[in-house]
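Novice: Below is the structure I would like to discuss, written out as structure tokens.
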Amino acid sequence: MRKPLEVKWIAPYENKHVLGIVGSPRRQGNTETLVDAILASAVEQGATSEKVILNELDIAPCQACNGCQRTGKCVHDDDMKKLLPLMEKSEVWVLGTPIYWWGPTAQFKTFIDRWYGVDQRKFQGKQIIAAIPMGGGDENYAQHTIGMIKDICNYLGMKYLETVVAAGMNGRSSVRENTRVLESARAAGMRIMNFL
Ligand SMILES: Cc1cc2nc3c(=O)[nH]c(=O)nc-3n(C[C@H](O)[C@H](O)[C@H](O)COP(=O)(O)O)c2cc1C
């Protein structure tokens, strides 16, 4: 008798690597809790993950010197050198920032500005989830930040997957105490492995 054909199903991204980037200065606060929940559920689905806290890295603001345009290298010798290889090896970036005055934090914006001086071809195809808590009760406070991230993704050929937005998060542990918000973060993490 012929042996039955052995069919092995291979997931398209067996080893998807997800990088959480936390733009809040507050450790274990709402942004980090959202990012952690997304990463944890992605890992449960088979992904691997790492997390960085921008506030604990030395990332200097762009000086608009255009040195990068002349030499291909940024004039700053700082932690972006360590962060960029992490970003490049990760298929998915979870970009977390709370809303500060209708926008992202200074730490987050400083980090984004430094994308000016990188080899942006290496960002093409990266998949992005934005994780955004805010104190106000109206999700519209996040519209400029979400719009900014979406426009950058579009400009650089990155794929914006989704936003996990949490309004009314006034206390440090508001997200941790909110089952609905945590569930929406976990659901986004679960979907990560489904995107091709
Ligand atoms: C400097 C500053 C500015 C803020 N501006 C806003 C704002 O414009 N709209 C809003 O809804 N919340 C605002 N908030 C509240 C934070 O978005 C909110 O507390 C958030 O949950 C903090 O997240 P974290 O715990 O990760 O730091 C502001 C907080 C700070 C410290």
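Novice: Please compute, for the alpha-carbon atoms of the stretch 49-159, the extent along each of the three principal axes and give them in descending order in Å.
Specialist: Answer, in whole Å and largest first: 46, 26, 26 Å.
Novice: May I ask you to derive the FRET efficiency for Arg70 and Ala106 from their Cβ-Cβ distance with R0 = 35 Å, giving the value to the nearest 0.05?
Specialist: With R0 = 35 Å, the Cβ-Cβ based efficiency is 0.80.
Novice: May I ask you to sort Lys109, Lys82 by Cβ crowding, counting other Cβ atoms within 10 Å and putting the fewest first?
Specialist: Taking fewest neighbouring Cβ atoms as first place, the list is Lys82, Lys109.
Novice: Shifting gears a bit: Rounded to the nearest 500 deg cm²/dmol, what is the calculated helix-only ellipticity per residue at 222 nm for the chain, with -39500 (n - 2.57) per DSSP H run of length n ≥ 4?
Specialist: Rounded to the nearest 500, it is -10000 deg cm²/dmol.
Novice: Pop out the ³J(HN,Hα) list for the stretch 62-76 in order, Karplus 6.51 cos²θ - 1.76 cosθ + 1.60 with θ = phi - 60°, rounded to Hz; leave Gly and Pro as x.
Specialist: Taking θ as phi minus 60°, the curve returns 4, 9, 6, 7, 6, x, 5, 6, 7, 10, x, 10, 6, 6, 6 Hz for the stretch 62-76.
Novice: Hey, another quick one. Would you calculate the separation in nanometres between label points at Glu183 and Glu88, each defined as 7 Å from the Cα along the Cα-to-beta-carbon direction?
Specialist: Roughly 4.2 nm, to one decimal.
Novice: On to the next question. Apply the Karplus parameterisation 6.51 cos²θ - 1.76 cosθ + 1.60, with θ equal to phi minus 60°, to every residue of the stretch 187-194 and state each ³J(HN,Hα) to the nearest whole Hz, in sequence, with x for glycine and proline.
Specialist: Karplus-based 3J(HN,Hα) across the stretch 187-194 equals 5, 5, x, 5, 6, 3, 6, 7 Hz.
Novice: Can you put Trp115, Trp93 in order of Cβ neighbours within 10 angstrom, beginning with the fewest?
Specialist: Lowest to highest Cβ neighbour count: Trp115, Trp93.
Novice: Something else about it: Determine one quarter of the surface area of the Cα convex hull of the chain, which equals its mean projected area, and express it in nm² to one decimal.
Specialist: 13.7
Novice: Neighbour counts of other C-beta atoms within 10 Å: give me His17, His76 arranged from fewest to most.
Specialist: By the 10 Å Cβ count, ascending: His17, His76.
Novice: Mind listing the long-range amide H neighbours of Arg26? Cut-off is under 5 Å, sequence gap 5 or more, other chains count too, H placed in the peptide plane at 1.01 Å from N.
Specialist: Those qualifying (amide H under 5 Å, at least 5 residues apart or on another chain) number zero.
Novice: Next question, about the same structure. So which GluC sites (Glu not before Pro) in the stretch 96-183 pass both tests, a DSSP loop state and at most 16 other Cβ atoms within 10 Å of the Cβ?
Specialist: Glu177
Novice: Hey, which of these cross-link pairs are over 22 Å Cα-Cα: Lys82/Lys109; Lys51/Lys73; Lys16/Lys109; Lys82/Lys150; Lys16/Lys73; Lys81/Lys150?
Specialist: Exceeds cut-off: Lys51/Lys73; Lys16/Lys109; Lys82/Lys150; Lys16/Lys73; Lys81/Lys150.
Read the figures in this text as sums done on the coordinates, not as results from a lab. What you see is a predicted model; the values in this text were computed from it and never measured. Ideal geometry is used to build each Cβ from the backbone, glycine not excepted, and the neighbour counts take in all protein chains shown.
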